[in-house]
Structures are given as C-alpha cells and as structure tokens.
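Notes follow the structure.
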Amino acid sequence: MIKTLVAIEVDLVSSMAIRYACQLGNLVDMELYPVYVKQPPSEVPTTGLGWVRRTWEREVLASGKEEIQEMLASEMDSCPSLHEPRVLYGDREYELLKIMEHEPFDLYVEGAPYPFTPANIHHRLHQKFYQHLGTPLIWLRILRKINQLLVVCQDPAEVKALLPAIRKLWTGCPTPVQLGVPPPAGYDEALRREVVAAREELETAGCQVFVKEIPALTAGESLPEINKEYGLVAVCLKRDVKKDSPQLQWLSQVKAPLMVVLR
C-alpha cells in the first residue's frame, strides 16, 4: 500500500493534483491523505486573551474545512482511496514537515510551483521542507492520463536513486515504463549496466519495461514528444542542484506531470 500525502490549496493546480492522485490510485494500491494548511490571515489578532485567539483559530479551521470539502466533493464518491481531508492552522512548510517526519508516507503530491521557471524550481527545492523530504514528490502543472511512465536515465547514480522509488510505486502496474537513455555518445558502459539492472529488476516486479533513446537533457527538441506522450516523467535531482543547472532548464520546459526523487 502506497501511503500518499496530497497537499492542497483552494486553487486549480490543487484540484488537478487530487484528480491525478486519484487516477494514480486506480492503477496502484494507494491511500490518499489530503491536507490543507490554512495560514494565518494578515488580520489575525496578535494580542489579547488566549481564548480570543483560540476562538479565531477554530473559526479559521472551520472555514478552511468547508472550503476544501466543497473542492473535494466531486472526487470523494469516485475515489475510494481518498480519505477525509485534514485541515491545519499555521505555517504551511512547518506543518507539512511535521507530518512527514512523524507519519510513514511513501509519496508526496502537490501543484507545481508557479511560474515554473528554473529560479522558482530552485527556490522551492531549497526550502527546508523539500531539503528534508525523504519520499518522491509529484508536481502537477497539467492533468494528463497516465498512459506510460518515462524514467529519465542519464547518469548511473541517478538510475540507482530512481529505481527503488519506481519499483515501490509501479510494482504490478500494467502501465508501461520507458527507460529514457541518452544518445550513444553519452551512453557509457557504467550507465548501460545500471539501465540493464533496472530493467531486469522492474520486469521481476511485474512491470512492462522498454528502453528508449531520448535527447540529452540540454536538448529542447525532446520536449514536444515528452510533453505529448507521457502521463508521468520521473527524474532524479541533487538536493543542492544549482539554479543554472541544465537539468533545471530542461525541467522547466516539461509540462507533463513530474515525479522528482531528491538525492
């Protein structure tokens, strides 16, 4: 069972994140736990009796629960893996980090940063929550049918980091997995060994696996095909990835749903 935390707001990308997570839950054995962190409004009282502040917080939480239940109403009946939403009050990053540190989640899903630029991706990934995140995360920019998964295999260390996450999520799933390798000039023997091992391990786990050549991450011409053909693209990034990294330049052009594994 894949236990998945879905962080939501009252916005379009959060609605897509929930719908996409439900679609994923129809492919693999998954439980979805939506959470909405209601941040303090600018007019929150900072002085006065404790009971005044507690009353204020209760009202904010009640309002937040009503907002989220309205947003999730259309999904609750058609998505049996979707649990009742959890509504919290406080700092979003702090509350999410506390949940992930104290509960055994396997996957984290949310709407992608906007605008989806290298600088904004870099800023998001260097926040404390993401630097401590021990599970893969999925970012949603658009809603897409999960018809096949592309695993970007450009470096042996990245393949090693991606494999456990893909195996855990995709074991027994009938949706095909494509291992995207670079052109021959960048496809050395070390990478070839890791790709062969990954293919064998995933096939043993009951996956349909294919190896496909894709242009290097610096080549933008690969993106129209990737954005059109794949319902999920999995990549591995270093936690200290630089703002001017070719990976972030490439990533910012990917519109398909993204699964990111940090190492």
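The values are calculated or read from the model by the stated rules, or taken from the named source; none is laboratory data. The structure displayed is predicted, hence computed values, not measured ones. In this analysis, Cβ positions are derived from the backbone assuming ideal geometry, glycine residues included, and neighbour counts consider all displayed protein chains. In case anyone asks, the SASA skips ligands and DNA or RNA and just uses the protein heavy atoms, side chains included. Shrake-Rupley method; radii C 1.70, N 1.55, O 1.52, S 1.80 Å.
So is Pro174 within 18 Å of Ile214 (Cα to Cα), at pLDDT below 95 and surrounded by fewer than 14 Cβ atoms within 10 Å (Cβ to Cβ) or not?
Considered against the rule, which asks whether it is within 18 Å of Ile214 (Cα to Cα), at pLDDT below 95 and surrounded by fewer than 14 Cβ atoms within 10 Å (Cβ to Cβ), Pro174 comes out as no.
Taking only pairs six or more apart or across chains, which ones have beta-carbon atoms under 8 Å, a first residue in segment 84-100 that is closer than 14 Å to Leu61 by Cα, and a second residue that is aliphatic (A, V, I, L, M) and in a helix (DSSP H, G or I)?
Partner pairs satisfying both residue conditions: Pro85/Ile68; Pro85/Leu72; Val87/Leu61; Val87/Ile68; Leu88/Leu61; Tyr89/Val60; Tyr89/Leu61.
Having 2 or more residues that are within 20 Å of Thr204 (Cβ to Cβ) is the bar; report the helices (runs of 4 or more DSSP H) wholly within segment 102-179 that clear it.
In segment 102-179, 156-170 are the helices (runs of 4 or more DSSP H) which contain 2 or more residues that are within 20 Å of Thr204 (Cβ to Cβ).
Looking only at segment 117-138, decide whether some residue is more than 28 Å from Lys243 (Cβ to Cβ) and surrounded by 14 or more Cβ atoms within 10 Å (Cβ to Cβ).
Within segment 117-138, none of the residues are more than 28 Å from Lys243 (Cβ to Cβ) and surrounded by 14 or more Cβ atoms within 10 Å (Cβ to Cβ).
In segment 123-132, what residues are within 22 Å of Leu217 (Cβ to Cβ) and under 15 Å from the mean Cα position of the chain (by Cα)?
Selection gives Arg124, Leu125, Tyr130.
Give segment 1-40 a look and list any residue that's open to solvent by 30 Å² or more (accessible area, probe 1.4 Å), β-branched (Val, Ile, Thr) and touching a helix residue (DSSP H, G or I) at 6+ places or on another chain (Cβ under 8 Å), or say none.
Correct list: Val10 only.
Can you confirm whether Arg167 is surrounded by 15 or more Cβ atoms within 10 Å (Cβ to Cβ), more than 20 Å from Gln253 (Cα to Cα) and of a type in the set (Lys, Arg)? Walk me through it before giving the result.
Details: surrounded by 15 or more Cβ atoms within 10 Å (Cβ to Cβ): yes; more than 20 Å from Gln253 (Cα to Cα): yes; of a type in the set (Lys, Arg): yes.
It is true that Arg167 is surrounded by 15 or more Cβ atoms within 10 Å (Cβ to Cβ), more than 20 Å from Gln253 (Cα to Cα) and of a type in the set (Lys, Arg).
Output the number of residues of segment 78-101 satisfying the condition of being open to solvent by 30 Å² or more (accessible area, probe 1.4 Å) and assigned to a loop (DSSP other than H, G, I, E, B).
Count: 5.
Within the bounds of segment 129-149, is there any residue that is closer than 17 Å to Arg199 by Cβ and either of a type in the set (A, V, I, L, M) or touching a residue at least 12 places away in the same chain (Cβ under 8 Å) (or both)?
Yes - at least one qualifying residue is present in segment 129-149.
Which residue, of Gly25, Gly48, Gly64, is at pLDDT 90 or above and small (Gly, Ala, Ser)? Spell out the reasoning first.
Numbers: Gly48 fails: at pLDDT 90 or above; Gly64 fails: at pLDDT 90 or above.
Step by step, each of Gly25, Gly48, Gly64 is checked, and only Gly25 is at pLDDT 90 or above and small (Gly, Ala, Ser).
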